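A short write-up of the structure that comes next.
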There are 4 protein chains.
Amino acid sequence: MADSTAKQGAPALGVAMVGYSFMGAAHSQAWSVAPRFFDLPLHPRMLVVAGRQAGPVEAAARRLGWEGSTTDWRSLLERDDVDLVDVCTPGDTHAEIAVAALEAGKHVLCEKPLANSVAEAQVMVDAAEKAAVAGVRATVGFTYRRVPAIALARQLVAEGRVGTVRHVRAQYLQDWIADEQAPMSWRLEKEKAGSGALGDIGAHVVDLAQHVTGELLTGVSGLLRTFVEERPLPGAGGGALGGTAGEGTGVVTVDDAAVFSGRLSGGGLATFEATRFAWGRKNAIRLEINGSKGSLAFDFEDMNVLHYYDATEDARVAGFRRIYVTEPEHPYVGAWWPAGHGLGYEHGFVHQVVDLVGALAAQEDPAPTFADGLQVQKVLAAVERSSAEGCAWQQL
Amino acid sequence: MADSTAKQGAPALGVAMVGYSFMGAAHSQAWSVAPRFFDLPLHPRMLVVAGRQAGPVEAAARRLGWEGSTTDWRSLLERDDVDLVDVCTPGDTHAEIAVAALEAGKHVLCEKPLANSVAEAQVMVDAAEKAAVAGVRATVGFTYRRVPAIALARQLVAEGRVGTVRHVRAQYLQDWIADEQAPMSWRLEKEKAGSGALGDIGAHVVDLAQHVTGELLTGVSGLLRTFVEERPLPGAGGGALGGTAGEGTGVVTVDDAAVFSGRLSGGGLATFEATRFAWGRKNAIRLEINGSKGSLAFDFEDMNVLHYYDATEDARVAGFRRIYVTEPEHPYVGAWWPAGHGLGYEHGFVHQVVDLVGALAAQEDPAPTFADGLQVQKVLAAVERSSAEGCAWQQL
Amino acid sequence: MADSTAKQGAPALGVAMVGYSFMGAAHSQAWSVAPRFFDLPLHPRMLVVAGRQAGPVEAAARRLGWEGSTTDWRSLLERDDVDLVDVCTPGDTHAEIAVAALEAGKHVLCEKPLANSVAEAQVMVDAAEKAAVAGVRATVGFTYRRVPAIALARQLVAEGRVGTVRHVRAQYLQDWIADEQAPMSWRLEKEKAGSGALGDIGAHVVDLAQHVTGELLTGVSGLLRTFVEERPLPGAGGGALGGTAGEGTGVVTVDDAAVFSGRLSGGGLATFEATRFAWGRKNAIRLEINGSKGSLAFDFEDMNVLHYYDATEDARVAGFRRIYVTEPEHPYVGAWWPAGHGLGYEHGFVHQVVDLVGALAAQEDPAPTFADGLQVQKVLAAVERSSAEGCAWQQL
Amino acid sequence: MADSTAKQGAPALGVAMVGYSFMGAAHSQAWSVAPRFFDLPLHPRMLVVAGRQAGPVEAAARRLGWEGSTTDWRSLLERDDVDLVDVCTPGDTHAEIAVAALEAGKHVLCEKPLANSVAEAQVMVDAAEKAAVAGVRATVGFTYRRVPAIALARQLVAEGRVGTVRHVRAQYLQDWIADEQAPMSWRLEKEKAGSGALGDIGAHVVDLAQHVTGELLTGVSGLLRTFVEERPLPGAGGGALGGTAGEGTGVVTVDDAAVFSGRLSGGGLATFEATRFAWGRKNAIRLEINGSKGSLAFDFEDMNVLHYYDATEDARVAGFRRIYVTEPEHPYVGAWWPAGHGLGYEHGFVHQVVDLVGALAAQEDPAPTFADGLQVQKVLAAVERSSAEGCAWQQL
């Protein structure tokens, strides 16, 4: 892809990425595909990817389409051709890398959650504010905002179509450790993962609830729960129902599930649930909004659809409309295929690149900012405090 | 219908009803229809209905199929041919009527909620226990238990098909006062209605969650909210969006919505929501259960369907099954129509009669008992307390 | 119920019924329940039911709420108090009973299909026309017209909301003989049943397609098929997959499935399918209409819902609306329960009674007439001819 | 991408493409993305794209990721580094280009329909057979076969899970010319497009029905219809409902809709419908199969889902399973994202590249062959003949 930059005449945007597993693959796909379908004001050059082990990072670079690779992420910061650092590592390393990159004058796209703690996130926000003075931008990757149906939902709320928001119902349901014999993983250790379902997937629905409504949570009360406190070590046990536990086990130190409620700045009530124990729900990000004039409903397992109820209609023909969000009039969609040809998971990452590159070219702050990421972090921390204090209300 | 009793040879069960509006109509339909489709061990005679005004109660008796009517509900208790009193009045009168009937040796079917307060409900339970010594039975009408899909859900849980329950997600969503100009009603006054969405519809989902799982809530934390605190008096304002407020307004003294979370006796997490402000949701009683071996999902707006996920199946062909609960093998269904011919709302009331008459004939306690109703009442009271105390956890 | 007639003051309508199995039970329920929920201008008295065997017909009368019973259906015609004869017998007896009743001056409600052949149906139409001179009315029971969602669909088409009809897609899918070992039945013998899936269930979707669009089929081409030509005699074989064939078998002489296409009088294309071999579809009456301005979709397995697409809307928010047909504004619904409390299969029969009694009181022809039934019969006959003649087009 | 070939060590596959609009974009995306996610035995080099106008084809090459461009498609055949020609032009040019490419010893991937007539398609098949002797391969792009849910459906049928196929219900519903004022297009002219809905989208469902069942149609009867025979010329009229017709109009010479029925080689009945007049259906490719042991249902508007009914299950818990086809166990899916993260339209094209490259490396014929494409063409021609001959049955 890099070659085509010059041909297209748009100024280049040199990109370096740190980390190359699940999120790294999704981001690489986005950097590569975005310029094929969208007219970008800057042309991304996929310069280099950094990782810890030379062999794997080289292979990843080849497979994912990066020009080169390195085992020293700090070396990226010294390269003049690198304009932006894309941080796709686990959460406990975000602060160090992002702050260093900002201090080196590189724009930063950082995967969510911003950090594993509010303190770390605050440091990142401070660094971002300092860097902003010099026109260096920072954004955090709450990618689900870029799913067209979600973007449409936000538009409809902003246009006043649902009126005053009374209820938000936000759930993120998965089932990947519903099996009690599923093995231990770093994601189940508090030191590495920061938190469990709350931080990993709950963060997404907190962001979506606030983003779509355009409101903030003003307080929360919540309850965390770890259903399975000990698990077989990887290799030691099975991964399917009926798998047999091996000799060794590890202790789960994060939450398996979180339920919490909150008030929105506009006076509405919001409920949240994040769990990895909902058998049969694979990636069910569900968002329902009820307002004074209408309602919206979304489920990521049918991601090209938004349901919309318009209460101003004649009751005789009113009903939730299944809007198949694949029309040229819908956000992002016109750049892709003819109407009716749905998009998939990774398109959200492409749209993130489109929005980010557009903001950089326009010298505007890309949304969401590190401050937005910190605010989500504070919500999650308040939920943890509430759970520890018998669900006591935590004002934000 | 009464004549046919003798012909069928089954002993008669003399029934008297108090109240004749929405619930009275549903109960009348049930008493009348049940013997046409089910072989009942006792044959209900619809003897008399009591109400406050002579004209309307007479008309109701004719329309609903009762042999006679009266304006003095106490007179029912003196009649030897009355075996059972069916209490369909508003909640603030339940205790007085039910206790008097039990003391007079009449079986009692009392609509939910059992009472408007825990104290009243406790008095009723005491009366029921005293009456039980003499073989007099009392039951409270949580009718949704008798929807075939719900009854099937309970069977599947009891058979162990979902394993240990980890999550319950229970919601009762309506929209009948989502319009801010919808007029005042006695249901919005605390003195008459006891509580708002919490007691009126939240009670149902608390009962269903416990009934289907076979577990009890051991503690709760909750949040109540009144979105619209003043409403036009009836006649003074409109009832549709855009309706204009009249001169007079009344103050809403109950909750418009309630959200709460709790722990189940088996260790699972349960979340609840009851609201009348969910535009487009008319009678959406939704129940989802995730267990260690599978999941269930139900929505009353598609009441003949139960969704079931069996996690022990090969992942390649596993998926939520849409069980269309209209087969002869399904609870209650065989007595009705051939497979595929769905039932409606009122059939739950017919099944309630079937179960109740069966229990009376077998000299067993019909479920749910007054004690069950009191337990639900205690849960609701704990939610109110929690809301008043900053969501503080309330052990049950 | 009969007693209440006098009390309500409305003139009585004396009803006699012939036949008392599946359809007899549904009709009885309807005659009994209609006056409880609707203000009828005539009050039905359920006088007598006729059947072939004294014991069973007596038991049925008691169970279904009829005042008396008889084994001689002709005796009904001699009773002065009988105003209407409700014919619920198998199709091969319809002509004889209905013609005799009309000649005796009794109104007739005849179950569908009107007859087993066009010739018989023609005789019935002639008799109905003769009787009409004296104010005697005849109607055929295409009950699915009275499902509220179907009635709403017809209204929306009539109001021009879908514009010119281009496509009708009508299917009636069941699975009750999909199992090859399901035993023989009279329904699978041409002499008794007239035809198979085509006449039994295909008749319904032909009527619905024409009724909802307000158009007639002007020609058809079709294809019939018998998948399983021999079946175990009842008692001889099993009824479930894996059932073992007994000693005796019978020959299936009707179609198992029918597919056909036609043109509508307004220029649209219609496709039809009727089968009892669609595993998992229990009573899936599906109707889809695409017009120049919008579309409609219905499936009886979700019978309280109509889907409506309004093509005049902004593409950004257009989508099929799931109209939950339980509002007071919807046809028939206001008489029942509050919004959101769905109806079931038998309510269509109640609505049939309501419409029929209304027409009789207004001295108008109840719809559909025998002539309408004959027209459906002619369509079915044309499909059979087409199938026999290599799908050749049959003009109607 | 081309560079990475060498690095990865897999032999290169030099690809040239002719045409670069909708299909060209989809194919380019596929050639580019496939190697990022799948381990391909040959590494595609996107060498050159050919088109008629120099400027646009150059721009397309840059945007879509091709190394070069040309206005002379015949020049591709002279290049030694071109191993495969990907034909993405309109149907009337397929034969000329594909035959020339095969004769030049290039593998050919040709978009569907194979050609605009059976005669042309036959010529292509002959050329393919001749080329096959030298190990040169030809395949036609029925891409929907590669949607994971469709691929899974085929597997389940092949495994015997639905038993003997009795019914296929195949529909392809769109609405892009449902508006009578939508302007003329080359797709509505018989000379250029060959046929209308029948060939453009009907071809897909014929292929899918045969592919998934593993059977062939043995005869058909059908009916074509042109609803709107004259349309405003482009620019002259509007494209939305209510658009005003301009001065000039053009005559539509293809079918707007086609309905047809057929018999499958295994004895089942199949019905087909292809239309661009189904308001609200954007790309609704629907496939339902009912067999002696189970059923399947698919709708492309929910493309990551396959519904499966297993009739061997206990009726009490049987139901259509919503299989969310995003598990590693599902065809193609494991190479992409974690479970639950759905794919989109273009992934089918990626899978087509994967299968094609795999077959080439294995020196096997890629499916579907040109002969398969010809057979579909013959079915479509038979439908046209049947429609012209009063729906008369056409044996195949």
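None of the figures in this text is laboratory data; all of them are computed from the coordinates on show. Every value quoted in this text rests on a predicted model; they were computed, and no experiment measured them. Cβ atoms come from the backbone with ideal geometry, glycine included; neighbour counts cover every protein chain shown.
The Cα-based radius of gyration and maximum Cα-Cα distance (Dmax) for the range C:2-141 are 14.4, 45 Å. Short to long, the 10 Å bins of the Cα pair-distance histogram for the range C:146-343 hold 9, 30, 29, 19, 11, 2, 0 percent of all pairs. Residues in the range B:54-68 near a label at B:Asp81, defined as backbone nitrogen under 19 Å from the 7 Å Cα→Cβ point? Zone members listed by number: B:58-68.
In this calculation the C-beta distance from B:Gln53 to D:Leu233 is compared with R0 = 60 Å, giving a FRET efficiency of 0.25. In the frame of its principal axes, the range D:27-100 has Cα extents of 34, 27, 25 Å, reported largest first. Secondary-structure-derived ellipticity at 222 nm for chain C, considering helices only, amounts to -9500 deg cm²/dmol, per-run term -39500 (n - 2.57) for DSSP H runs with n ≥ 4. Based on alpha-carbon atoms, the Kirkwood radius and the radius of gyration of the range A:163-222 give Rg/Rh equal to 1.07.
Here's the list of lysines a cross-link from B:Lys293 could span, going by alpha-carbon distance under 17 Å and ignoring same-chain residues fewer than 8 apart: A:Lys282.
When both bridge partners sit in the range C:2-141, DSSP labels roughly 0% of those beta bridges antiparallel.
For chain D, complete DSSP H runs whose alpha carbons reach 24 Å or more along their own long axis and whose mean Kyte-Doolittle score is 0.0 or higher are D:370-388.
Shielding of C:342-352 by partners, i.e. mean partner chain Cβ atoms within 10 Å per residue? Could you put the intermediate results ahead of the total?
Numbers: counts 12, 5, 12, 10, 9, 2, 1, 0, 0, 0, 0.
Per residue, the average neighbour count from other chains is 5.
Taking beta carbons within 10 Å but only from partner chains, what does the mean come to for residues D:248-258? Please report the intermediate quantities before stating the final value.
On the way: counts 0, 0, 0, 0, 0, 0, 0, 0, 2, 5, 1.
The mean count of partner-chain Cβ atoms within 10 Å per residue comes to 1.
Peptide D:49-62 shows a mean partner chain C-beta count of 1 within 10 Å per residue C-beta. The modelled label-to-label distance for the pair C:Ala335/D:Arg385, using points 7 Å beyond Cα in the direction of Cβ, is 5.7 nm.
Share of antiparallel DSSP beta bridges in the protein assembly as shown, in percent to the nearest 5? Don't jump to the answer; show the numbers that get you there.
On the way: 170 of 286 bridges.
Taking every DSSP beta bridge with both residues in the protein assembly as shown, the antiparallel ones total about 60 percent.
Can you tell me the relative contact order of chain D? Whole percent, Cα pairs under 8 Å, sequence separation 6 or more. Intermediate values should be presented prior to the final figure.
Values: 901 pairs, mean separation 76.2, N = 396.
Here the relative contact order equals 19 percent.
Phi angles of the range D:47-52 translate, via the Karplus equation with coefficients 6.51, -1.76, 1.60 and θ = phi - 60°, into HN-Hα couplings of 6, 7, 10, 10, x, 7 Hz per residue; Gly and Pro are given as x.
Dipole of chain A, Cα-centred, from +1 at each Lys and Arg C-beta and -1 at each Asp and Glu C-beta, to the nearest 20 debye?
On the way: 34 positive and 48 negative charges, 124 e Å.
Rounded to the nearest 20 debye, it is 600 debye.
Using only alpha carbons, chain B has a radius of gyration to Kirkwood radius ratio (Rg to Rh) of 0.97.
Averaging over all projection directions, find the projected area of the Cα convex hull of the protein assembly as shown and quote it in nm² with one decimal place.
On the way: hull surface 229.9 nm².
With the hull built on Cα positions only, its mean projection is 57.5 nm².
Both radii come from the Cα set of the range B:98-198: Rg as radius of gyration, Rh as Kirkwood radius; their ratio Rg/Rh reads 1.07.
Out of the DSSP beta bridges found with both residues in chain C, what percent are antiparallel (nearest 5)? Write down the numbers at each step before the final one.
Values: 41 of 70 bridges.
Around 60 percent antiparallel, to the nearest 5.
Structural size metrics of the range C:261-393, computed from C-alpha coordinates, are Rg and Dmax of 18.5, 53 Å.
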